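Notes for the one structure printed next.
The values are calculated or read from the model by the stated rules, or taken from the named source; none is laboratory data. Note that the structure is a prediction, hence the values are computed from the model and not measured. All Cβ positions, glycine included, derive from the backbone under ideal geometry; neighbour counts span all protein chains shown.
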Amino acid sequence: MNICRYLVFIALCSTPGGFVILYRGTIKPLSNLLTKKAKVEIESKTATLYSPFTYAILIGIMSALSISVLTVATLLGAMPMLSEMIVYLLSEEPLQFIALFLIISTIMGSSIMFFASIVVTILIRRQYGIKDSVTIVKLVDADEAYKGFLGMVMGTFFTQLVLLSPKLKDKGEEMIRAHELGHVAGHHVSKILFLISIPLGSLPLLFSMPFFNISIPTRQLNYFLALMFILFLVVFTIFILRIGEIQADLNSYKILGQDAYNSFLEIIKAHYGVDAPEKMPFSSRLTHTSRRDITLTTGDPIAALTHWEIPLVFSLLSADIGLITTYLILKNIDVELSLFLSIIFYSSFLLTNFILSFLLALIIRPIVSRFSSLTDRGRLNLSLMISSIYVVSANIMLLLFLVSPLTMLITLPASYLLILLTVWYFIRERRRSIIIASGSFALFMLVNILLIVSRTFIKL
């Protein structure tokens, strides 16, 4: 019955009359609410700039239409290949399921986002006559359209606009400009768009799954895994966004030094009426962290993150992997993993991996402290980052070892390389990065050997 209503709604919207009803009743009021305008200066020319929400709406509408078309076409049998993929996904074991789910979601989501980016890029370039990939835009009058706005980078994979508020003066404008150009240098818009595209691409698969009547024990587990994996992607996207904001603040510090924080305090006092980043609105603290003072006064590239968020993000992934491993182990002894047990196992894995990440970080911390020039808070955060990645790697190693012991020849070097790149990203010193990565890897292997030996003695 639900599918019939869904198809009728789509059919109604696809007719001229249905589209008019949808446009006047939903799209137009929403568009009027969010598409406020402002006068701006672009390369010494005055133009009218639509709100960034306008372009977000356009990308959202195009993405929603793409998802609807893919879902309906799949259910109606117009896309037999996608239908066969979904049937295959549901009928396979969780390991193959989650791997294929990620691959298909990434391909579909990236395609949708890439298409939306092309359309929005054409609109931006035609409306403002922009040809450069990066353009500084100074707002002239933004009282209505950009209330509370100070600066932002908006755009697509191909064109980025650096927007600066007219309220900014002298040092304040320098600080915000340096911050936003930090986003440009780090390609943060492209990274976030790509990360958002993965859960976006999974929606046609999730919407279509309930309508395929396949009565197999793994179906509920696969659906649960997909939802938990999307939860990880959402949290991971916010996590990457926060790291991007720290890197942008770091760019302000590199350009302005200690003046960056003084200018920042003046800005938030004038625009938010607060005297510390911890007192800023929740939306700002969610995306920018509540300890921006650390980055802007010390130049520490990781200390602004809270200690608990790092292991939490990676523990969500470890719990997914642990659940798949549990399924494979129980399958070998002919025990079925129900949805209820899946939830229990997932919760226990989440808590266990979270605690293990903290314990391993305490072991790794002396090496990080000895060979890095970070603050004490930054050293602990980098230790937590390393330990969390190692815990995820250990879960992946165990899972793939059940498939084939030879996979250790790939997973061990890959985990070391990932840690090396992570450490280098934050401290930007090749020699010290190699020492920290090698030392922490040796400790990680030593801990695993001790665990194996202790288990052997317990069995004896």
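Counting residues in the stretch 398-410 that are surrounded by 17 or more Cβ atoms within 10 Å (Cβ to Cβ) and touching a residue at least 12 places away in the same chain (Cβ under 8 Å) gives one or more.
Go through the stretch 325-353 and give me each residue that's surrounded by 22 or more Cβ atoms within 10 Å (Cβ to Cβ) and under 25 Å from the mean Cα position of the chain (by Cα). Matches in the stretch 325-353: Asn353 only. If Leu286 passes every condition in (1) modelled with pLDDT under 90; (2) assigned by TED's automatic domain parsing to the domain that holds Trp424 but one, which one does it miss? Exception for Leu286: condition (2). A single member of Ala270, Ala248, Ala260 is surrounded by 22 or more Cβ atoms within 10 Å (Cβ to Cβ), of a type in the set (Gly, Ala, Ser), over 23 Å from the mean Cα position of the chain (by Cα) and assigned to a helix (DSSP H, G or I), and it is Ala260. Cβ separations smaller than 6 Å between residues 6+ apart or across chains give the following pairs from the stretch 273-285 residues that are free of Cβ contacts under 8 Å to residues at least 24 places away in the same chain to residues that are loosely packed, with under 13 Cβ neighbours inside 10 Å: Asp275/Lys269. Taking Arg432, is it more than 27 Å from the chain's Cα centre (by Cα), in the same structural domain as Leu323 (by TED's automatic domain parsing) and either surrounded by fewer than 21 Cβ atoms within 10 Å (Cβ to Cβ) or β-branched (Val, Ile, Thr) (or both)? Yes; evaluated as a whole, the condition is true for this residue.
Number of residues in the stretch 308-324 that are surrounded by 14 or more Cβ atoms within 10 Å (Cβ to Cβ) and either touching a Lys or Arg at 6+ places or on another chain (Cβ under 9 Å) or not aliphatic (A, V, I, L, M) (or both): the value is 7.
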